[in-house]
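Here the structure is laid out as structure tokens; the discussion comes afterwards.
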Amino acid sequence: MKNILVTGAFGQIGSELVPALQNAYGEKSVVALGNTHIPHDFTGIVEMGRLPDAQLLNTLVKKYKIDTIFHLVSLLSAKGEIDPALTWHVNMQSLRDVLDIAVTHKLRVFWPSSIAAFGPTTPRTSTPQRTILEPTTMYGVTKTAGELLCQYYHLKYEVDVRSVRYPGIISYKAEPGGGTTDYAVAIYYEALKQGKYMCYLKSDTMLPMMYMDDAVRATLELMHAPDDALTVRTSYNLAAVSFTPAQLTHEIQKHIPLTVSYAPDHRQAIADSWPQSIDDSVARVDWGWKHAYDVPLLTHTMIRELRKKFSITR
Ligand code: SER
């Protein structure tokens, strides 16, 4: 990886993956492509644009002699249900464009899949690597279809494309937008600002989650893994922790006062269609994946960092 393009560079994951890539490869080696939420203190190469746009991708790949693309652009699960046609168009067309350009220019690709690739017919606990994939959200449909497309381009055109099925990701830098797992980020903001939170999922809704540092490290470790170690070219199961809103509330209450009320909405059905815990043993064997953050550590870190971010002293 010498010259890297990150699409969706200022989204939840991009906001932390881009600095990690800049640290590892140098600021001049990373091109951040985005269209909104560019932080005022961002330093590095920025290109503005909205995907899908094959011509723009082609231009950037040539301009910066790109050899690797981290293609993070995506509409998420809850937002995706507002405009399923747009979700299909943005998520699938942009992935196809990236894979086609990868064939032409012999690029390596990272593309994120998600626990949303699973559905209500998938075994819900310790969900295996290879299992039933019948998602019921358009976001999930694009993840399942996208996984198969990645594998197809690998088999047919030898594209070195790698992927993980991220669980819900918890982070403090950029807020997520339009996901179902986002309560596990919002609850920290509201706990610190108001001491109370109205949760849109039921108190006992167990979902797989991961702290951002683990997610970024997993991404880089997968991209550094030797080619012949990889046995999965759809997308690797990836796990860290699983908890319910009630359990997370209890953990936060050890640090700060918090009252949570529950008003489940349309996102409850989405959460109910996803696994509660993930078996990621194939990732652990193939490329040595091991998470570092448990729920106490991620809670401690979130509260410490958000206090700094909002200059909260209590
Ligand atoms: N965090 C995502 C969502 O909730 C799942 O990939 O949509």
**Item:** Under 5 Å, built H, 5+ apart or other chain: amide partners of residue 242
**Value:** 209
**Item:** residue 108 long-range amide H proximity, modeled H, under 5 Å
**Value:** 68, 69
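Round to the nearest 0.05 the FRET efficiency obtained for residue 103 and residue 290 when R0 = 41 Å and r is the Cβ-Cβ distance.
Values: r = 33 Å, r/R0 = 0.81.
With R0 = 41 Å, the Cβ-Cβ based efficiency is 0.80.
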**Fill in**
So, with points 7 Å from each Cα along the Cβ direction, the residue 48-residue 259 label distance in nm works out to 4.5
**Request:** Please give the per residue volume of the convex hull enclosing the alpha carbon atoms of the stretch 69-199, rounded to a whole number of Å³.
**Result:** 121
**Request:** Extending each Cα 7 Å along its Cβ direction at residue 25 and residue 40, get the distance between those two points in nm, one decimal.
**Result:** 3.0
**Prompt:** Put 71, 224 in order of accessible area, largest first, 1.4 Å probe: what do you get?
**Reply:** 224, 71
**Item:** Calculated Rg and Dmax of the stretch 243-304 using C-alpha coordinates, Å
**Value:** 15.3, 43
**Request:** May I ask for log10 I(q)/I(0) of the stretch 57-133 at q = 0.21 Å⁻¹, from a Debye sum over the Cα atoms as equal point scatterers with solvent left out?
**Result:** -0.98
**Prompt:** Quick one: Karplus J couplings for the stretch 227-235, per residue in order, coefficients 6.51, -1.76, 1.60, θ = phi - 60°, nearest Hz, x for Gly and Pro?
**Reply:** 3, 6, 7, 8, 10, 10, 10, 7, 6
**Prompt:** Stretch residue 194-residue 305 to full length: gain in nm at 0.36 nm per residue minus the Cα-Cα span?
**Reply:** 38.3 nm
**Under-5 Å amide H pairs with residue 31, H placed in peptide plane, nonlocal only** = 4, 5, 6
**Fill in**
Other residues with Cβ under 11 Å from the Cβ of residue 243 give, with Lys and Arg +1 and Asp and Glu -1, a net charge of -3
**Prompt:** When only alpha-carbon atoms count, how far does the chain stretch along each of its three principal axes, as whole angstroms with the largest first?
**Reply:** 55, 45, 38
**Asked** When averaged across all projection directions, what area in nm² does the alpha-carbon convex hull of the stretch 127-239 cover?
**Response** 8.6
**Asked** Under unit Cβ charges (Lys, Arg +1; Asp, Glu -1), what dipole magnitude, rounded to 20 debye, does the stretch 145-194 have relative to its Cα centre?
**Response** 60
**Request:** Evaluate E = 1/(1 + (r/R0)^6) for residue 134 and residue 314, where r is the Cβ-Cβ distance and R0 equals 35 Å; express this FRET efficiency to the nearest 0.05.
**Result:** 0.15
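Counting other Cβ atoms within 10 Å, keep those with at most 16, restrict to DSSP loop, and tell me which trypsin sites (Lys or Arg not before Pro) in the stretch 194-280 are left. Don't skip to the answer; put the middle values down first.
Working: sites: 196, 202, 217, 233, 254, 267; in loops: 202, 233, 254.
Here the sparse-neighbourhood loop sites are 202, 254.
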**Prompt:** If you wrap a convex hull around the Cα atoms of the stretch 1-140, how much volume per residue is inside, in Å³?
**Reply:** 129
**Item:** Paired Rg and Dmax values of the stretch 95-163, which use every Cα atom, in angstrom
**Value:** 13.1, 41
**Message:** Checking the cross-link filter: which lysines have an alpha carbon closer than 28 Å to that of residue 193, excluding same-chain neighbours under 8 positions apart?
**Reply:** 79, 173, 202, 254, 308, 309
**Fill in**
With R₀ set to 22 angstrom, the calculated FRET efficiency between the beta-carbons of residue 59 and residue 93, to the nearest 0.05, is 0.80
**Fill in**
Filtered hits (lysines, Cα-Cα < 18 Å from residue 156, offset >= 8 within chain) -> 106
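For the stretch 146-305, what does the accessible surface come to per residue with a 1.4 Å probe? Please give it in Å². All intermediate terms of the calculation are to be shown ahead of the outcome.
On the way: 6190 Å² over 160 residues.
Result: 39 Å² per residue.
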**Asked** Taking Cα atoms of the stretch 176-314, Rg/Rh with Kirkwood Rh, to two decimals?
**Response** 1.01
**Request:** At 1.4 Å probe size, with no ligands or nucleic acids counted, give the accessible surface of residue 279 in Å², nearest ten.
**Result:** 60
**Prompt:** Taking K and R as +1 and D and E as -1, what net charge do the other residues with C-beta under 10 Å from the C-beta of residue 67 add up to?
**Reply:** +4
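Can you give the net charge of the other residues whose Cβ lies under 14 Å from the Cβ of residue 198, counting K and R as +1 and D and E as -1? Can you show the working numbers first?
Details: positive: 193, 196, 202, 267; negative: 182, 190, 265.
Local net charge: +1.
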**Message:** Roughly how far apart, in whole Å, are the Cα centres of the stretch 142-216 and the stretch 43-117?
**Reply:** 17
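The values are calculated or read from the model by the stated rules, or taken from the named source; none is laboratory data. All of these numbers come straight from a predicted model, not from anything done at the bench. Counting neighbours? That spans all protein chains shown, and the Cβs are built from the backbone with ideal geometry, glycine included. Each accessible area value is taken on the protein alone, full model and side chains, heavy atoms only, with ligands, DNA and RNA left out. Shrake-Rupley method; radii C 1.70, N 1.55, O 1.52, S 1.80 Å.
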